[in-house]
Amino acid sequence: MEIKKAVIILLMFPLFVMGQDSTKNKYPKRVLDNGMLSGGLTFAVGFGNSKTQNIYVQGYAEYMFQKNISVRGDIFVFINSLGENARLKMNHQLLVFSAYHIPTNSPIDPYVGLGPGLALTRLTDGGGLDSVSGNLEQKIGVNPFLSFNFGLRYYAPKWFHMYIEGAYVLGRHLSNSETFDMSELRLSFGLGFNIDVLAKRKRK
Amino acid sequence: MMQRKLIAGLLAFVLLFASQTLGQEIEKPKDFRTTDGGTFSLGMRTTGSFFGVDGNPGFGFGGQFRIQLLRWLNTEWFADYITTSIGDLGKREDYHIGWSVMFYPFKFKQKWFQPYLLAGHCFDYTKVTPYSTATQDNSDKIQDRWSAAAQIGLGTHFHIGNRFDIGISGQYMFHLGKEIHADIIDNSGVRELHVETHKGNILEGHLLVTVNFNVKIADLWKSKKQ
């Protein structure tokens, strides 16, 4: 019961904060500007080509150094792979991409991005014979990938934004035994935090 | 000890990056597209490798920084990690670290498009791994080599705003080093990968197509033109 209450409070808290923010301060037409530093933590689900679902914990940090353009770094910590053809035991990923935020006269912020990433991948089964131990071994592979990103954010002016976003990740697992297509369509949503690190200087 | 030094170096780099970026943010925005030189920029890239000795396309992850010396001359310092699948029977890994000089021979009225010619040098480490199977351990057949390379090519920046650009380039890279040869052989209906290293140096090349993005961070020596 206590846990349920805590979960409800946690889920509702951002809505209260965002609601108060928007009633006290009417939304400016465009809240995004250079100097905006944002970050978030959420879960992501990747839908692979072989009817598998990969689950991740996703964290990101983003800095807008110029109007409408940002650079962002994402970390994906692999949790599990589901589905009959699921074969990945590990798929941790690091991604860096630049995003173009399409100008709108509203707190809604659509964006598209493109960037490279590196994945640490390992298969659950198969593998190659290790003659020393006599066992089949699945070694970890370090594999580059390319990510096409897109998303939609809704900003409360000062502190928070909610977002829904997707990415198509294009890459292959190469290791000591066989190749595996790790391309997937990845979706996530959640609550992010943002702060204008240049606000004081802008006021001067 | 080595790791600590590496972490300290990375932290110093990040702090320098942040201080330079934040420090220049508020002043009247500089127009780095028309600089006379001194621009330092940092970016990431993805590289496709084509027409290599193994005949398979590769795919890579990397980064670069640039120091522009003159209005018509820029330098790019890069590192790439490229992996290539060899017929699903093995893989090739290429590590590149090098530099290119970029020449801007044309001056256009518009600022968003800036083509260039490039040439440079590169040092490389290549490793070819034949996959092990359920019945055969091929880990002792891994071959590697160090090589030096020279590259030439052309590309263009697409400037978006004063401080950001995306770009695409194509370059042909010649490697001088000992030959690593990977052949797929049909052995009574079973495909096998044979990897061989030959004595003596040879020249082998591949075409690299790179897509990159860059953030112009600092004006290292204040250029006259803004």
| message | Show the residue pairs meeting these rules: Cβ distance below 9 Å; 6+ apart or different chains; first residue within the stretch B:47-67 and free of Cβ contacts under 8 Å to residues at least 12 places away in the same chain; second residue part of a strand (DSSP E or B). | response | B:G55/B:I86
| field | Exclusive hit being of a type in the set (K, R) and at pLDDT 90 or above, set A:K139, A:K204 | value | A:K139
| task | Kindly provide the set of residues from the stretch A:126-157 that are open to solvent by 30 Å² or more (accessible area, probe 1.4 Å) and part of a strand (DSSP E or B), ordered by number. | result | A:L129, A:D130, A:N135, A:L136, A:E137, A:V142, A:F148, A:F150, A:L152, A:Y154
| message | Kindly evaluate B:D80 against the criterion of being of a type in the set (D, E, K, R), within 10 Å of the chain's Cα centre (by Cα) and within 14 Å of another protein chain (Cβ to nearest Cβ). | response | yes
| task | Output the residue which, of all residues in the stretch A:162-193 that are modelled with pLDDT of 90 or more and over 23 Å from A:Q53 (Cβ atoms), is least open to solvent (accessible area, probe 1.4 Å). | result | A:G192
| said: Taking the conditions exactly as written (within 16 Å of B:V53 (Cα to Cα), open to solvent by 10 Å² or more (accessible area, probe 1.4 Å) and in contact (Cβ under 8 Å) with a residue 12 or more places away in the chain), does B:L220 satisfy them or not? | reply: no
| Does the stretch B:163-173 include one or more residues that are open to solvent by 10 Å² or more (accessible area, probe 1.4 Å) and either modelled with pLDDT under 85 or not in a strand (DSSP E or B) (or both)? | yes
| task | Scan (1) open to solvent by less than 40 Å² (accessible area, probe 1.4 Å); (2) modelled with pLDDT under 90 for the single condition A:Q20 breaks and write down its number. | result | (1)
| query | So which residues in the stretch A:108-125 are within 23 Å of B:D165 (Cα to Cα) and either in a loop (DSSP other than H, G, I, E, B) or open to solvent by less than 10 Å² (accessible area, probe 1.4 Å) (or both)? | reply | A:D109, A:Y111, A:G115, A:P116, A:G117
| field | Neighbours by Cβ (under 6 Å, 6+ apart or cross-chain): first from the stretch A:100-124, more than 9 Å from chain B (Cβ to nearest Cβ); second among the basic types (K, R) and not in a strand (DSSP E or B) | value | A:N105/A:K29; A:L123/A:R87; A:T124/A:R87
| said: On the basis of being open to solvent by less than 10 Å² (accessible area, probe 1.4 Å), touching a helix residue (DSSP H, G or I) at 6+ places or on another chain (Cβ under 6 Å) and under 23 Å from B:G43 (Cα atoms), does A:L198 make the cut? | reply: yes
| query | Of the residues that make up the stretch B:123-131, is at least one open to solvent by less than 20 Å² (accessible area, probe 1.4 Å) and under 17 Å from the mean Cα position of the chain (by Cα)? | reply | yes
| query | What number of residues within the stretch B:129-159 are part of a strand (DSSP E or B), free of Cβ contacts under 8 Å to residues at least 60 places away in the same chain and out of contact with any Gly (no Cβ under 9 Å at 6 or more places or on another chain)? | reply | 2
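The values are calculated or read from the model by the stated rules, or taken from the named source; none is laboratory data. Worth saying up front: this structure is predicted, and the values here are computed from it rather than measured. FYI the Cβ positions are ideal-geometry reconstructions off the backbone, even for glycines, and counts take in every protein chain you see. The area values use the complete protein model at the heavy-atom level, side chains included, leaving out ligands, DNA and RNA. Shrake-Rupley method; radii C 1.70, N 1.55, O 1.52, S 1.80 Å.
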